[in-house]
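What follows is a short report on a single structure.
The values are calculated or read from the model by the stated rules, or taken from the named source; none is laboratory data. This one's a predicted model, so the numbers in the text were calculated from it and none came from an experiment. Backbone-built Cβ (ideal geometry, glycine too); neighbour counts: all protein chains shown. The protein model used for the area step is the full one, side chains on, heavy atoms only, and it has no ligands, DNA or RNA in it. Shrake-Rupley method; radii C 1.70, N 1.55, O 1.52, S 1.80 Å.
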Amino acid sequence: GAVVSQHPSWVICKSGTSVKIECRSLDFQATTMFWYRQFPKQSLMLMATSNEGSKATYEQGVEKDKFLINHASLTLSTLTVTSAHPEDSSFYICSARDGGAGANEKLFFGSGTQLSVL
Amino acid sequence: RKEVEQDPGPFNVPEGATVAFNCTYSNSASQSFFWYRQDCRKEPKLLMSVYSSGNEDGRFTAQLNRASQYISLLIRDSKLSDSATYLCVVKGTGGFKTIFGAGTRLFVKA
């Protein structure tokens, strides 16, 4: 199946710093990627939909100036958590859609990034 | 009401047991249904799609009841390696997002 690579796996940073997370589709072109956040024992919550060559679409309640998304190529999307604070500590996962949108689309996930802000 | 609801568990079962999970969804226009498995601090992995006629993959059986808007997952002959969180996932068409349930935790004990 399709492979999605996400880096880094773990990040520990000081409050106020910015953290960039990369998500790459390795063997297919992903025009759309999704970014999720997951707090312990909770569901994956969609943060934003990243579209190649255009602005990301953010879900309600997600600050677009805090979570910067760039999808400059068909195989790479990045999420930058700007001025991170302890409440931003979470598990961030990206996914990419293999194939066209539709009821039968499959999502392939990156391995996730555990962010801990001190 | 949440769009996708699951019993959070945890379900604690002995090896060899049969265990069933249910999931309900609120949007009657939902088109596609899946079960994903997620291990602690790992990415979700597709376990199986759920078809209207029901489908089976080895020890796993998934069923869909559109009238009642729920899907189920049955695991027979549980293995220790089945311990994980099982996510119910629902998707529609026309821009309807993929919605994840909060997951049901399963612990299989020796």
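Quick one: which residues, 5+ away or cross-chain, put their amide H under 5 Å from the amide H of A:Leu76? H built at 1.01 Å from N.
Long-range HN contacts for A:Leu76: A:Ser25.
With a ≥ b ≥ c the root eigenvalues of the C-alpha gyration tensor of the protein assembly as shown, is it rounded (a/c under 1.5), prolate (a/b larger than b/c) or oblate?
prolate
Can you tell me how the range B:15-77 classifies by the Cα gyration tensor, rounded, prolate or oblate, using a/c under 1.5 as the rounded cut?
In terms of gyration-tensor shape, oblate.
How well do other chains shield peptide B:42-52, expressed as the mean number of their Cβ atoms within 10 Å of each residue Cβ?
3
Can you list the lysines whose alpha carbon sits under 20 Å from that of B:Lys45, skipping same-chain ones fewer than 8 residues off?
List returned: A:Lys41, A:Lys106, B:Lys79, B:Lys91, B:Lys97.
Can you list which of the trypsin sites (Lys or Arg not before Pro) found in the range A:19-49 are DSSP loop residues with at most 16 other C-beta atoms within 10 Å?
A:Lys41
For chain A, modelled as a GNM with alpha-carbon contacts under 10 angstrom, which of A:Glu59, A:Glu22, A:Glu87 fluctuates the most?
Checking each option, the largest mean-square fluctuation is seen for A:Glu87.
Rank these residues by their accessible area, most exposed first, probe 1.4 Å: B:Tyr70, B:Tyr86.
Highest to lowest solvent-accessible surface, that is B:Tyr70, B:Tyr86.
What percentage of the solvent-accessible surface of chain A, computed with a 1.4 Å probe over protein heavy atoms, is contributed by carbon and sulfur atoms?
52 percent
Using a ≥ b ≥ c from the Cα gyration tensor of chain B (square roots of the eigenvalues), is it rounded, prolate or oblate, where a/c under 1.5 gives rounded and otherwise the larger of a/b and b/c decides, a/b for prolate?
Cα axes put chain B in the prolate bin.
Size of the dipole of the protein assembly as shown about the Cα centre, Lys and Arg at +1 and Asp and Glu at -1 on the beta carbon, nothing else charged, in debye to 20?
180 debye
What is the average number of partner chain Cβ atoms found within 10 Å of a Cβ in A:107-113?
The mean count of partner-chain Cβ atoms within 10 Å per residue comes to 4.
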